[in-house]
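Taking it in order: structure first as structure tokens, then the write-up.
The values are calculated or read from the model by the stated rules, or taken from the named source; none is laboratory data. Predicted, not measured: the structure shown is a model, and the values here were computed from it. We place every Cβ from the backbone using ideal geometry, glycine too, and count neighbours over all the protein chains shown. All accessible areas refer to the heavy atoms of the entire protein, side chains included, with ligands and DNA or RNA removed. Shrake-Rupley method; radii C 1.70, N 1.55, O 1.52, S 1.80 Å.
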Amino acid sequence: MPCLTRPPPDLLASLPGDGPSFVSLPVAEAAGIARFSDLPASLMILAEDALRHGETAAAAAIAGRRHDATVLFRPARILMQDSSGIPVLADLAALRDQAPDGARVEPQIPVDIVVDHSVEVDEHGSAGALEANLAIEFRRNTERYRFLRWAEDAFEALRVVPPGRGICHQINLEVLADVVGVRDGIARPDTMLGTDSHSTMVNALGVLGWGVGGIEALSAMLGRAVALRVPKVVGVRLANRLPAGSTATDLALTLTALLRRHGVVEKVVEFHGPGLGALRLPDRATVANMAPEYGATMGFFPVDEETLAYLRLTGRSAAQVALVEAYARAQGLWHAAEGRVFDEQLDFDLAGVEPSVAGPSRPNQRLSLSAVPASLPAPRKDMAAAAAGPLRHGDVVIAAITSCTNTANTDAMLRAGLLARAARARGLMPPARIKASLAPGSRVVSDYLGAAGLLDDLAALGFALVGHGCMTCMGNSGPVAPEIEAAIRADDLTVAAVLSGNRNFEGRIHPLCRAAYLVSPPLVVAYALAGDMRRDLTREPVGTDREGRPVMLADLWPDDAAVAAAAAVLTPERYAARAATTFEGPAAWTAIAVPAGERFAWQPDSQFIRPPPFAAGAMAAPLIAGDLTGARILALLGDDVTTDHISPISRIPSDSEAGQWLLEHGAPPAGLQSYSARRVNHDVMARGTFANLRLRNRLVPEREGGFTRLAPGGDIVTIHAAAQVLRHAGTPPVIVAGRNYGAGSARDWAAKGTRILGISAVIAESFERIHRANLVALGVLPLQFADGQGPEQLGLDGFETIDITGMRRLRPGGAVIARFHKPDGRIVEATLLCRIETDEEAADLLGGGVLPVVLRGFAATAEATHR
């Protein structure tokens with residue numbers, strides 16, 4: 001039974017009424033179940049979840065740091081954004097259709113979906129851009145939004161935050177997260193899973209949660225516990241404080257580089273130490289948001305006085321703040337500068353953080369400002385001819401203050417506005433070619449910038465408000481001017497995007513931007529003024545003022561006192577007013593005709609919302625039913641293949657396979673839209689899998705994009721077409737790759753597309769956490785080369801046939817043998833590790849994936865009920 005206790009009397013007095021009971025770790029420790037008091041706070045929450053469900057052995061395994069032990073986690077809620085969430089709801093609707101009569105296909109825990117991924121920067125630089133972009137968003141997404149309105153009525157536990165309200169992680173931080181909740185009279189931590197990798201942003205509040213694929217989220221919302229190994233926890237002990245002039249972005253980029261080098265994949269990072277109190281909660285949120293970039297499952301911050309101060313600032317009630325404090329103190333979750341024991345320990349001096357940039361193509365490529373010019377990729381052509389044109393190598397063409405990562409940070413946003421004000425006073429302006437935009441993660445940011453008069457200063461420099469959504473950060477940067485696009489293509493130029501986002505993979509921000517740099521919001525403004533990434537902003541001027549004098553970055557940079565003075569516009573009333581209207585949509589939302597009925601009326605000719613195929617029929621058959629014989633390599637890839645490479649979100653080119661399919665089925669040439677908008681059309685998404693314009697397949701070294709060949713010197717075909725050829729021949733296709741396969745977004749379509757192509761296994765040197773789990777959830781086997789082995793070490797050219805034996809004995813931590821048969825008759829043998837982490841994952845894999853297993857469970861329950 002759970003170990004229940006009442007809060008201590010001094011804390012109970014601060015709570016309304018009699019106050020709730022606690023499932024108490026101190027009581028469990030006193031009862032001899034295990035020692036919990038020296039656990040990291042993140043593991044204490046996991047142990048509390050086990051105790052609440054009477055799983056004392058699991059709680060003891062957590063306390064004993066038994067990293068080979070499997071424990072079950074039951075999140076309190078699910079958070080989704082529309083790009084990943086609409087496919088989840090479509091899968092849920094399909095399950096409801098396919099389940100036997102009487103089965104209750106309904107989320108068992110609260111689910112929130114925030115519509116933030118569909119708005120694009122179509123209009124910019126004008127006072128009407130905000131409303132214009134919102135109107136275009138509704139025109140493009142009418143069918144998808146009608147489905148969402150149906151789902152909101154059809155599923156009792158679902159709430160929808162309509163378009164134009166902000167970004168899911170920032171709304172989660174400012175509105176949705178309660179840190180501690182009460183259910184049936186018992187207090188419990190606010191825990192969650194999110195269908196976006198940056199769901200870790202809420203870790204800044206001391207909320208346990210991380211990003212997962214949509215299938216894993218659907219499984220959890222239907223009541224299946226999440227099985228996981230007890231994670232290792234890396235403690236990062238913070239000392240001192242950030243120096244004047246350094247921002248939370250600089251800190252996050254520095255930590256991202258450090259922790260990537262250290263290696264924290266599949267681990268939790270927990271921040272603690274005497275320097276923690278010097279970090280404002282928005283600073284912590286910037287760091288926690290980027291946990292996927294440094295590879296961690298979470299970037300966790302325990303509750304302390306700063307947590308409470310942020311809850312008060314954002315309009316949470318006094319009773320809620322009191323409950324959070326009482327619970328954290330009574331449970332031992334309150335920050336302790338010393339006393340917690342971590343599996344690994346790193347010391348980090350905040351005083352050593354310097355202004356930073358990350359780029360040109362990875363978030364962990366941290367640079368000092370002086371190193372930026374040398375980071376530009378080498379010109380692809382002789383630049384002498386291009387120098388006379390409208391663009392040069394290294395010019396900035398997109399500058400975006402975007403993303404919850406940094407727009408939730410009040411100091412960063414105020415500093416950007418103040419820098420814009422100083423530049424405006426000196427008469428500085430970005431070059432006209434730059435597409436500048438301001439897209440905060442919540443409306444309260446626009447409110448306080450407006451109250452401070454800084455919206456006008458930003459708009460005067462081109463950074464007009466364009467929307468409240470992910471926009472440029474997730475690739476919805478919209479088109480650049482036609483003459484700019486023509487110049488880039490004509491001279492094959494490397495041009496740059498500069499943004500306050502969290503990812504900058506090549507081609508993600510815009511297909512024509514080979515370079516992208518992550519910086520703080522004020523540095524976005526500075527680099528826009530400079531106009532290029534060729535200069536060292538510590539030594540060279542940002543520009544020239546109206547008197548012809550050079551203006552240095554230091555001349556414009558606001559000091560901390562000015563930022564603190566501007567922060568007077570931050571009030572609980574301002575946050576509370578916006579929070580109260582979070583679920584109220586604009587007129588275009590409420591005007592949507594909502595389909596009726598518990599089951600969705602699928603339209604057979606729809607190009608946006610089609611019944612997903614993953615739970616029943618051919619897709620439900622297991623891919624892994626025994627040893628693989630005669631498998632062929634569909635693509636031989638290098639290191640750091642991202643989910644963007646596997647399943648792009650960019651606009652669908654008309655000459656692509658996906659574009660051609662849409663045109664053949666009646667889509668207007670100007671209305672192909674993006675892969676992100678077509679995620680409930682599996683025919684489009686299958687043709688878009690591995691179709692990223694910047695994919696580099698070593699089977700076709702002469703060509704970028706989603707192409708391959710099936711024999712040395714053979715015809716170049718699309719990866720989708722090659723997969724069809726192999727399927728018809730009865731030949732299992734596999735993918736072979738290097739390190740960090742599946743980095744980036746939690747995008748389960750990277751696994752869904754892999755499954756639709758019939759790929760039985762992905763063989764890589766290492767996997768990123770979320771994509772590995774997504775592959776298993778879709779019934780695709782992730783196999784990892786043993787240490788010291790890999791495609792290069794084995795001399796693979798991609799034209800081998802592969803036999804894999806030992807597949808009938810798949811188990812967590814097991815291994816199989818692969819024999820690579822080369823065209824000249826030689827055989828290379830390798831040991832491959834099965835990247836299955838738990839028995840539950842093995843059952844899902846062998847059952848064809850989570851959805852078929854869940855559907856069979858509904859059928860079994862119905863059969864048992866009718867006996």
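Numbers for the structure displayed
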| read-out | value |
| --- | --- |
| Loop sites in segment 141-181: GluC sites (Glu not before Pro), DSSP, at most 13 other Cβ within 10 Å | GLU156 |
| For segment 320-410: relative contact order, % (alpha-carbon pairs under 8 angstrom, 6 or more apart) | 12 percent |
| Rg to Rh quotient for segment 360-497, alpha carbon positions, Kirkwood Rh | 0.99 |
| Under Karplus coefficients 6.51, -1.76 and 1.60, residue-wise ³J(HN,Hα) of segment 675-682 in Hz, glycine/proline x | 4, 4, 6, 9, 6, 10, 10, 5 |
| Cα-based Rg / Dmax (Å) for segment 113-159 | 13.2, 41 |
| Over segment 262-357, relative contact order from alpha-carbon pairs under 8 Å, at least 6 apart, % | 30 percent |
| Simple Cβ-charge dipole of the chain, Lys/Arg +1 and Asp/Glu -1, about Cα centre, in debye nearest 20 | 760 debye |
| Hydrodynamic radius by Kirkwood, which averages 1/r over all alpha carbon pairs of segment 686-833, in angstrom | 15.8 Å |
| Virtual paramagnetic centre 7 Å along Cα→Cβ of ASP343, amide N under 19 Å, in segment 217-234 | 226-234 |
| Cα pair distances of segment 249-368 binned at 10 Å [whole percent] | 12, 40, 32, 14, 2 |
| Heavy-atom accessible surface of the chain: percent carbon and sulfur, 1.4 Å | 52 percent |
| Gain in span if fully extended, LEU833 to ASP38, counting 0.36 nm per residue against the direct Cα distance | 282.8 nm |
| The chain: relative contact order as a whole-number percent, Cα under 8 Å and 6+ apart | 13 percent |
| Of all DSSP beta bridges in the chain, antiparallel share, percent nearest 5 | 40 percent |
| Shape of segment 30-146, Cα gyration tensor, a/c cut at 1.5 | oblate |
| Built amide H within the under 5 Å cut-off of GLY543, gap 5+ | VAL551 |
| Inter-label distance, nm, simple model (7 Å from Cα along the C-beta direction), VAL594/ALA670 | 3.4 nm |
| Accessible area per residue in Å² at 1.4 Å probe, computed on the chain | 34 Å² |
| Karplus (6.51, -1.76, 1.60) ³J(HN,Hα), θ = phi - 60°, over segment 389-406, in Hz, Gly and Pro reported as x | x, x, 10, 10, 4, x, 5, 8, 10, 10, 9, 10, 8, 8, 6, 4, 3, 10 |
| Along principal axes, Cα extents of segment 670-726, largest first, whole Å | 37, 23, 17 |
| Label-to-label distance, nm, for residues given as LYS822 and ASP605 (7 Å Cα→Cβ offset) | 5.6 nm |
| Dimensionless Rg over Rh [segment 699-750; C-alpha; Kirkwood] | 1.00 |
| 15 Å tail of the calculated P(r), segment 760-805, as % of Cα pairs | 50 percent |
| Of the DSSP H helices in the chain, those whose Cα atoms cover at least 15 Å axially and whose Kyte score averages 0.0 or more | 41-52, 82-98, 129-140, 248-262, 318-331, 410-425, 850-866 |
| Convex hull volume of segment 634-744 per residue (C-alpha atoms, cubic angstrom) | 109 Å³ |
| Bins of 5 Å from zero: percent of alpha-carbon pairs in segment 234-291 | 4, 17, 31, 30, 14, 4, 0 |
| Computed [θ] at 222 nm, deg cm²/dmol, the chain (DSSP H ≥ 4; -39,500 (n - 2.57); rounded to nearest 500) | -9500 deg cm²/dmol |
| Antiparallel content of DSSP bridges confined to segment 89-233, in %, to 5 | 35 percent |
| Long-range HN-HN contacts of PHE300 with modeled amide H, under 5 Å | VAL269, GLU270, PHE271 |
| Trypsin sites (Lys or Arg not before Pro) within segment 52-87: DSSP coil, no more than 16 neighbouring Cβ in 10 Å | ARG66 |
| Rounded to whole Å, sorted largest first: equivalent-ellipsoid semi-axes of the chain, Cα gyration tensor | 38, 36, 27 |
| Amide H contacts under 5 Å for VAL161, placed H, 5+ residues apart | ILE113, VAL114, VAL115 |
| Tensor-based shape of segment 206-317 (alpha-carbon gyration tensor, a/c under 1.5 rounded, otherwise prolate or oblate) | oblate |
| Options MET290, THR801, PRO782, ranked by Cα towards positive dipole end of the chain, top entry (Cβ charges) | THR801 |
